[in-house]
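The structure under discussion appears below in the form of structure tokens.
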Amino acid sequence: MKLSDEQLDEVLASIASKDGIERQAARICRLLSTGAYRTGAVAHRCSVGNLSDVVTAAINPKISHLGLFIGCVKPPRTLRNKFDQKCGDWLYSFYTTDIAANDDDYGEGSSVDDWMKELAVVIDDDDELDLSALDHLELDVSSLDKPLKVGVK
């Protein structure tokens, strides 16, 4: 579910820190207000180590009065990580309390087709990841070429 600007403002006001600095909870809410994201993407983009703990302890109790919560569902297809390995990521998104993800009728916007449209940034039609967004990243692995010295002081 995508949030309107007004809904996002209400969410951010509800979870705001006393010093006005946006922390993990606010970063998660900003990201998920644009649609569903997989666990790894949320953790990476929002610098979160324990996503489920932040959601259950720092977000959901503070936004329940708005009729919203963040939940996760198992994706309709297996997701793969950047090494093309199957990963256990779930899909996190905002939900309204009147239509929960585990209800018999998910409601509009929660069909497999709707999920696949939202997942287009993560997987393509062939169940392969599009890593072109990472082309600008460089990893220095030169230190791995050096022999490991064991037991030498």
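Residues checked against (1) touching a Leu at 6+ places or on another chain (Cβ under 9 Å); (2) on the phi > 0 side of the Ramachandran plot; (3) at pLDDT 95 or above; (4) in a helix (DSSP H, G or I):
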{"site": "Asp89", "(1), (2), (3), (4)": "yes, no, no, no"}
{"site": "Gly109", "(1), (2), (3), (4)": "no, yes, no, no"}
{"site": "Glu118", "(1), (2), (3), (4)": "yes, no, no, yes"}
{"site": "Ala133", "(1), (2), (3), (4)": "no, no, no, yes"}
{"site": "Glu138", "(1), (2), (3), (4)": "no, no, no, no"}
{"site": "Leu144", "(1), (2), (3), (4)": "no, no, no, yes"}
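For Leu12, indicate whether it is modelled with pLDDT under 95 and open to solvent by less than 80 Å² (accessible area, probe 1.4 Å).
No: the conditions fail for Leu12.
Give segment 1-21 a look and list any residue that's among the β-branched types (Val, Ile, Thr) and in contact (Cβ under 8 Å) with a residue 40 or more places away in the chain, or say none.
Val11, Ile15
Could you give every pair whose Cβ atoms fall below 7 Å, whose first residue belongs to segment 59-86 and is free of Cβ contacts under 8 Å to residues at least 24 places away in the same chain, and whose second residue is crowded, with 16+ Cβ neighbours inside 10 Å and outside any strand (DSSP E or B), counting only separations of at least 6 or pairs across chains?
Listed pairs, sorted by first residue: Lys74/Trp90.
Answer yes if at least one residue in segment 22-39 is of a type in the set (D, E, K, R) and in contact (Cβ under 8 Å) with a residue 60 or more places away in the chain, and no otherwise.
Filtering segment 22-39 for residues of a type in the set (D, E, K, R) gives 22-23, 27, 30, 38.
Still in the list and also in contact (Cβ under 8 Å) with a residue 60 or more places away in the chain: 38.
Checked segment 22-39: at least one residue is of a type in the set (D, E, K, R) and in contact (Cβ under 8 Å) with a residue 60 or more places away in the chain.
Within segment 66-84, is there a residue that is more than 28 Å from Ala26 (Cα to Cα) and modelled with pLDDT under 60?
no
For residues that are farther than 20 Å from Asp98 by Cα, open to solvent by less than 60 Å² (accessible area, probe 1.4 Å) and at pLDDT 95 or above, tally how many sit in segment 16-41.
4
The values are calculated or read from the model by the stated rules, or taken from the named source; none is laboratory data. None of these values were measured; they are calculated from a predicted model. Because the Cβ atoms are built from the backbone with ideal geometry, glycine has one as well, and the counts that use them run over all protein chains shown. For accessibility, only protein heavy atoms count, side chains too; no ligands or nucleic acids. Shrake-Rupley method; radii C 1.70, N 1.55, O 1.52, S 1.80 Å.
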